[in-house]
1. Filter region 44-92 down to residues that are in contact with a helix residue (DSSP H, G or I) (Cβ under 8 Å, 6 or more places away or on another chain) and part of a loop (DSSP other than H, G, I, E, B) and give me whichever is nearest to Tyr131 (Cα to Cα).
2. Can Asp103 be described as at pLDDT below 70, assigned to a loop (DSSP other than H, G, I, E, B) and not hydrophobic (A, V, I, L, M, F, W, C)?
3. Quick check on region 106-124: of everything there that is touching a residue at least 12 places away in the same chain (Cβ under 8 Å) and among the hydrophobic types (A, V, I, L, M, F, W, C), which residue is surrounded by the most Cβ atoms within 10 Å (Cβ to Cβ)?
4. Out of curiosity, is Tyr102 more than 25 Å from Lys52 (Cα to Cα), in contact with a strand residue (DSSP E or B) (Cβ under 9 Å, 6 or more places away or on another chain) and aromatic (Phe, Trp, Tyr)?
5. Taking the stated definitions as given, is Ile77 over 19 Å from Asp147 (Cβ atoms), modelled with pLDDT of 95 or more, among the aliphatic types (A, V, I, L, M) and open to solvent by 40 Å² or more (accessible area, probe 1.4 Å)?
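The values are calculated or read from the model by the stated rules, or taken from the named source; none is laboratory data. All figures in this text were calculated on a predicted structure; none of them were measured in a lab. Every residue, glycine among them, receives a Cβ derived from its backbone with ideal geometry; neighbour counts consider all protein chains shown. Surface areas here come from the heavy atoms of the whole protein model, side chains and all, with no ligands, DNA or RNA. Shrake-Rupley method; radii C 1.70, N 1.55, O 1.52, S 1.80 Å.
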Amino acid sequence: MIAQWLIILVLLSSLQLISSRLVDLDEYVKGEEIKEDRFGIANSFLYRLTNKYSGTNRTLEAIILGDKADGIEMSPIRRYGTEYWRFIRLGKNKYRIQNLVYDDEKSLDIINDKMRNRLRMSKTAEVTGQYWHLTRLNDGSFRLSNDFSGRNMALDVQTDTHKPRMFSNTVDYLGQHWTITKVGKYSRY
């Protein structure tokens with residue numbers, strides 16, 4: 001009798017596995033783009049990034065420089081497209097951060113030098129400088145780190161210029177406390 005129940009349980013679990021739909025990482029799942037993760041981030045929304053040091057009237061902005069490498073600055077809020085960011089979920093607590101103006105052509109990246117602390121917009125690629133992690137802090141803000149600079153460095157701003165850079169997170173700097181504010185729905189057209 002026990003052996004019969006055991007066989008039934010094995011068959012039921014096999015049927016569940018067969019009837020379950022396996023989803024590939026690149027496969028589109030209807031509604032997935034609007035589903036928010038545990039941080040309240042969804043692929044289909046745009047966000048503004050401010051930090052506690054620069055204040056709520058300055059935002060992370062992509063600077064378009066033409067032939068030169070495109071830069072990143074903290075600028076006064078003007079509601080330009082260069083101020084709006086998308087977080088593309090790549091995995092558990094791993095994101096690619098893209099700007100509305102560049103769409104998916106460029107992503108927030110770290111310049112590949114020995115300092116590993118200067119930011120830029122680079123052609124979207126499978127590189128560690130474009131893999132960002134969020135850490136929720138006690139005050140509800142987030143610390144942003146990435147795979148290239150390492151978890152011991154976080155997105156911060158220079159004290160005198162408010163220029164975004166990666167700095168050590170061994171001290172709890174206010175410039176590393178980022179607020180991610182939903183500002184609207186993303187649309188390609």
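1. Ser44
2. no
3. Among those residues, the one meeting the criterion is Leu108.
4. Spelling it out, Tyr102 is indeed more than 25 Å from Lys52 (Cα to Cα), in contact with a strand residue (DSSP E or B) (Cβ under 9 Å, 6 or more places away or on another chain) and aromatic (Phe, Trp, Tyr).
5. Yes; evaluated as a whole, the condition is true for this residue.
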